[in-house]
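Take a look at the structure set out below.
The values are calculated or read from the model by the stated rules, or taken from the named source; none is laboratory data. This one's a predicted model, so the numbers in the text were calculated from it and none came from an experiment. Every residue, glycine among them, receives a Cβ derived from its backbone with ideal geometry; neighbour counts consider all protein chains shown. Accessible surface areas use protein heavy atoms only, side chains included; no ligands, DNA or RNA. Shrake-Rupley method; radii C 1.70, N 1.55, O 1.52, S 1.80 Å.
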Amino acid sequence: MKILDKYIIKSFMITFTSVFVILFFIFVLQGIWLFISELAGKDLDFFTILKFLSFYAPTIVPMVLPLSVLLASIMTFGSFAENYEFAAMKSSGISLQRAMKMLTITIGILAIVSFFFANNVIPDAQFRFINLRKNIVQQKPAMAIAEGQFNTIGTSNIKVDKKSGDNGELLEGVTMHVKNTNMGLGANTIIKAKRGVLTSEDDSNYLQLELYDGYYYEDIHPKKFEERNRLPFAKSSFEKYVINIDLTKLNQTQIDEGNVTSEKMLTVPELSYTIDSLQKNYSKEAISFANNIVMRNDNIFRRRNPNSFNNSSAINNNNSGNTKVDAKKELLSIFNDFERKQILEMAKSNVASTEFTIQTSKADLESKSKNINDHWLAIHEKFVIAYSCLLMFFIGAPLGAIIRKGGLGLPIVFAVGIFIIFHFVNTFGRKVAQQDSIPPFLGAWMASMIMTPFAIMLTYRATNDIGIMINLDWLTDPFKKLFNKITQNNDDNN
């Protein structure tokens, strides 16, 4: 390796490492903000918090790494151009392609490492991260409830005045507001207790809240509107009251659900195996759904009165020249008004029941299809991470050589703008692919497909010293010639 190659790689790696550390720290702080409700006021020791953040940190690398490559490339090559180092290289017969050669190989190695990181490290870290969140709640059940404030758990809000005990499991002054899921009437049940105990088991997904010496208040909503003006309610006292709390509903954060789904915990071979199983299950469900609809309609047909169909057959034979609409009218005419009403009501009920079954099955199949698409997206994203490193390098390096600015000013503006576009298109493609509107492959690679021609154009213009301005004369010249010709003809006619 020549001295020049070592110098270029050293300059890039120093800048890349600095940028990566800064951006990584910023995104980790963002993660702390997202999980602040699970960390603040929970009496967690420093080692547990450190494990929490270390398991979360690998999941932000796919976002930090491409942005770091882009910004470091712009800063490094912009600095070379600004300090006339590229001019010295070119005067010595070294082109931009030659200057980028060894650094391109270095970025390629980084892309390969990023793929294995996304395929092996991130799934394991995601698995440990979710298990740690669950274990913290199981080992420290009081983590589910912060002292002196209302905590939303499922359909309830819980507040305790004081916690005590080794793990804060002993509660004093417990107040619970249970939300009404029907009619949107808010919290219509209030539970107050002097004492409470939180208990849990290691192999259980539930916490058990035992309340002692309290009262239970419930608003009653009569069907008659006149009786509601009396504001009736029921009150009862208890010595012991046990409530089971589902751990999956504790301290729900505003994180994207995609960050905690199962496909993030699988490697490429595991995802391929899972997709095959899900696809077979989806096909069986679709066939079973179609068969059930056919059998249901057949059973409805067979439940009819055989004598009625015999009579209708006779009518059809006697009126072979009538249309189908006339035959239906004649079929209903053989019944009296009461029977005709029963038949129509039964038909209406069967149609409504069939429609409900279709809608339910359709929603279930759409959910299964979305799950399959999520797994396909998880596979493609592991490769997109590696490709995005190369893509951002071939955008950043020539762009830095063109703008000829190093430092943290203009390069940050360009890097943030480009990365926001890339991230927005990538998120948009993922969401559309999840809804089965486009193939998962297109959704995962949409941003890369859009940005690749931009990278090719910048590399071409930088290597040929064309600059960033784009010549559109080839597009506008035909219109100018046509306009001039029309103007000249008008002048000649006048």
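Of the strands (runs of 3 or more DSSP E) lying entirely inside the stretch 160-238, those containing at least 3 residues that are at pLDDT below 85 and among the hydroxyl-bearing types (Ser, Thr, Tyr) are 187-200, 206-219.
Residues that are open to solvent by less than 60 Å² (accessible area, probe 1.4 Å), out of contact with any Leu (no Cβ under 7 Å at 6 or more places or on another chain) and modelled with pLDDT under 90 within the stretch 16-30 comprise just one, 27. Screening residue 55 on (1) over 27 Å from the mean Cα position of the chain (by Cα); (2) surrounded by 15 or more Cβ atoms within 10 Å (Cβ to Cβ); (3) assigned to a helix (DSSP H, G or I); (4) at pLDDT below 90 shows it passes everything except condition (1). Quick one: is residue 458 of a type outside the set (Phe, Trp, Tyr), in contact (Cβ under 8 Å) with a residue 40 or more places away in the chain and in contact with a Pro (Cβ under 7 Å, 6 or more places away or on another chain)? The answer is yes for residue 458. In the set (1) closer than 22 Å to residue 76 by Cβ; (2) open to solvent by 30 Å² or more (accessible area, probe 1.4 Å), residue 371 fails one condition alone, (1). Regarding residue 369, is this residue in contact (Cβ under 8 Å) with a residue 60 or more places away in the chain, farther than 27 Å from residue 64 by Cα and in a helix (DSSP H, G or I)? Considered against the rule, which asks whether it is in contact (Cβ under 8 Å) with a residue 60 or more places away in the chain, farther than 27 Å from residue 64 by Cα and in a helix (DSSP H, G or I), residue 369 comes out as yes. Looking at the stretch 85-145, the helices (runs of 4 or more DSSP H) lying wholly inside it that each contain 2 or more residues that are modelled with pLDDT under 80, aliphatic (A, V, I, L, M) and under 23 Å from residue 34 (Cβ atoms) sit at 122-139. Taking residue 131, is it farther than 26 Å from residue 412 by Cα and touching a residue at least 40 places away in the same chain (Cβ under 8 Å)? No. Kindly evaluate residue 464 against the criterion of being farther than 20 Å from residue 379 by Cβ and either surrounded by 12 or more Cβ atoms within 10 Å (Cβ to Cβ) or more than 15 Å from the chain's Cα centre (by Cα) (or both). For residue 464, the condition - farther than 20 Å from residue 379 by Cβ and either surrounded by 12 or more Cβ atoms within 10 Å (Cβ to Cβ) or more than 15 Å from the chain's Cα centre (by Cα) (or both) - is met.
Test residue 149 against the criterion of being assigned to a loop (DSSP other than H, G, I, E, B) and at pLDDT 70 or above, and give yes or no. So residue 149 passes the test. Counting the residues of the stretch 397-431 that are touching a residue at least 40 places away in the same chain (Cβ under 8 Å), farther than 23 Å from residue 118 by Cα and not hydrophobic (A, V, I, L, M, F, W, C) gives 7.
To keep it simple, each residue is scored yes or no on (1) open to solvent by less than 20 Å² (accessible area, probe 1.4 Å); (2) on the phi < 0 side of the Ramachandran plot; (3) modelled with pLDDT of 90 or more.
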{"residue": "393", "(1), (2), (3)": "yes, yes, yes"}
{"residue": "409", "(1), (2), (3)": "no, yes, no"}
{"residue": "412", "(1), (2), (3)": "no, yes, no"}
{"residue": "415", "(1), (2), (3)": "yes, yes, no"}
{"residue": "431", "(1), (2), (3)": "no, yes, no"}
{"residue": "441", "(1), (2), (3)": "no, yes, yes"}
{"residue": "446", "(1), (2), (3)": "no, yes, yes"}
{"residue": "452", "(1), (2), (3)": "no, yes, yes"}
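Take the residues in the stretch 420-429 that are in contact with a Leu (Cβ under 9 Å, 6 or more places away or on another chain) and buried (at least 20 other Cβ atoms within 10 Å of the Cβ); name whichever of them is nearest to residue 72 (Cα to Cα). So that I can check it myself, show each step before the final result.
Of the residues in the stretch 420-429, the ones in contact with a Leu (Cβ under 9 Å, 6 or more places away or on another chain) are 422-423, 429.
Then keep just the ones that are buried (at least 20 other Cβ atoms within 10 Å of the Cβ); that gives 422, 429.
Working: 422: 17, 429: 27 Å.
Restricting to residues being in contact with a Leu (Cβ under 9 Å, 6 or more places away or on another chain) and buried (at least 20 other Cβ atoms within 10 Å of the Cβ), the top hit is 422.
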